[in-house]
Amino acid sequence: MRLVTFSRGYSSPRLGAAIGPWDRWEWIADLHAADPQIPADMQTFVDLAGGLAGETWERARRALAGAEKEIHRGGSPVAIPSSEVRLHPPILPRLLRDFLAFRGHVARTRAAMGSAVPAEWDMVPAYYNGNHLNVVGSGDAVPAMRYEVFEGGRPRGVASEKLDYEAEVGFVLGLGGAEIAAKDATAHLFGVTIFNDFSARDIQMTAGRIGMGPAPGKDWANALGPCIVTRDEIGELKDQGIAVRVNGEERLRGRYRELVYENPFVKKGDRALWSFPEMVECLSRFQTIHAGEVWGSGTIPGGCEFEKGEKARYLRPGDRVEIEIEGIGVLANSIAPAT
């Protein structure tokens, strides 16, 4: 299933399922309207059906199948044309973690700064906790980043001049737990979405020298969407096409396999990535993980401007960035005008 959180008119956001090809949905099925026993919100649905099994999951499958049959027969009272809905973040995460999983991205960003991949990257799947309260959906505008610095004891407002996009896979956990072996980890994955970890590189670099992590250059805006594709439908991340466009101009195009495993910055014998099962095993060894968390994969190699060093073309107010992953859809956001 391709699950969304949507609204129509002035209605409250609610759970739906997309009907139609992955890149041009035709209808959104209102699952709660089809069966009131199905929760109206995504988080509750994940809590009840995160293992892709059980009564709630089966009710959702039947409701979607019923809506599809009714559409083929001429119309369904629970199906809404996709052009008439507004998409919201598919889920408001209980916790948002962002990993640094791809060697190609790490190697290229370090090369742009005149350094190499740190040996510690091979020791642990590093991550930071993002701001799960500042999440927007596809179609939403992201505020232009302004931050404050103190110079001579006085505050000065600064507009970021290095606003970057970051194309990532968002892993949505469906089952929690602790001490989970990598071989059992896939069962804890509910599905995947697209994650744009917007980053203000100038304040990120300034604050990073303090040694407290990437914030505040990372925590003012995170975009998720347009849907969550459940793990039974998306399959293995391997040959999916990936593209990034800014104002219609293509900044990246390739296949997951090429970008990750065949990357020129990844030498033979090197670890190319930290996989989702490895993330689950490592984290669950020292803490309990929970259903409804969203874990960013880290930037897919080539999926940001920072990797390009002096050739980077950062975002400006009014720009529109689109991240497309085959089988999931397009996550599109604009940068709001500066205030």
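The values are calculated or read from the model by the stated rules, or taken from the named source; none is laboratory data. Keep in mind that this is a model prediction, so the values were computed, not measured. Every residue, glycine as well, gets a Cβ built from its backbone with ideal geometry; the counts of neighbours run over all protein chains shown.
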Given the criteria on the phi > 0 side of the Ramachandran plot, in contact with a Phe, Trp or Tyr (Cβ under 9 Å, 6 or more places away or on another chain) and buried (at least 22 other Cβ atoms within 10 Å of the Cβ), does Gly303 qualify? no
Any idea how many residues of the stretch 23-77 are without any contact (Cβ under 8 Å) to a residue 60 or more places away in the chain, of a type in the set (A, V, I, L, M) and buried (at least 16 other Cβ atoms within 10 Å of the Cβ)? 12
Of the conditions (1) out of contact with any Lys or Arg (no Cβ under 6 Å at 6 or more places or on another chain); (2) surrounded by fewer than 22 Cβ atoms within 10 Å (Cβ to Cβ); (3) modelled with pLDDT of 95 or more, Gly329 fails just one. Which one is it? (2)
Pick from the stretch 1-22, criterion in a strand (DSSP E or B) and of a type in the set (S, T, N, Q), ranking: surrounded by the most Cβ atoms within 10 Å (Cβ to Cβ): Thr5
Arg86 passes all but one of (1) surrounded by fewer than 19 Cβ atoms within 10 Å (Cβ to Cβ); (2) in contact (Cβ under 8 Å) with a residue 12 or more places away in the chain; (3) more than 30 Å from Met42 (Cβ to Cβ); which number fails? (3)
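Residue-wise test of (1) of a type in the set (A, V, I, L, M); (2) at pLDDT 95 or above; (3) assigned by TED's automatic domain parsing to the domain that holds Gly174.
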site	(1), (2), (3)
Gly9	no, no, no
Trp57	no, yes, no
Arg62	no, yes, no
Ala79	yes, yes, no
Ser83	no, yes, no
Within the stretch 221-322, which helices (runs of 4 or more DSSP H) (wholly inside it) include 1 or more residues that are hydroxyl-bearing (Ser, Thr, Tyr) and either in the same structural domain as Met113 (by TED's automatic domain parsing) or modelled with pLDDT of 95 or more (or both)? 256-260, 276-284
In the stretch 10-34, what residues are over 23 Å from Glu58 (Cβ atoms), among the aromatic types (Phe, Trp, Tyr) and more than 21 Å from the chain's Cα centre (by Cα)? Tyr10
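Can you tell me which residue in the stretch 157-186 is surrounded by the most Cβ atoms within 10 Å (Cβ to Cβ), limited to those that are over 21 Å from Val4 (Cα atoms) and among the hydrophobic types (A, V, I, L, M, F, W, C)?
Kept after step one, since they are over 21 Å from Val4 (Cα atoms), are these residues of the stretch 157-186: 157-166, 176-186.
Okay, now just the ones that are also among the hydrophobic types (A, V, I, L, M, F, W, C), so 158-159, 163, 178, 180-182, 185.
Numbers: Val158: 16, Ala159: 14, Leu163: 24, Ala178: 11, Ile180: 21, Ala181: 11, Ala182: 15, Ala185: 22.
By that ranking, first place goes to Leu163.
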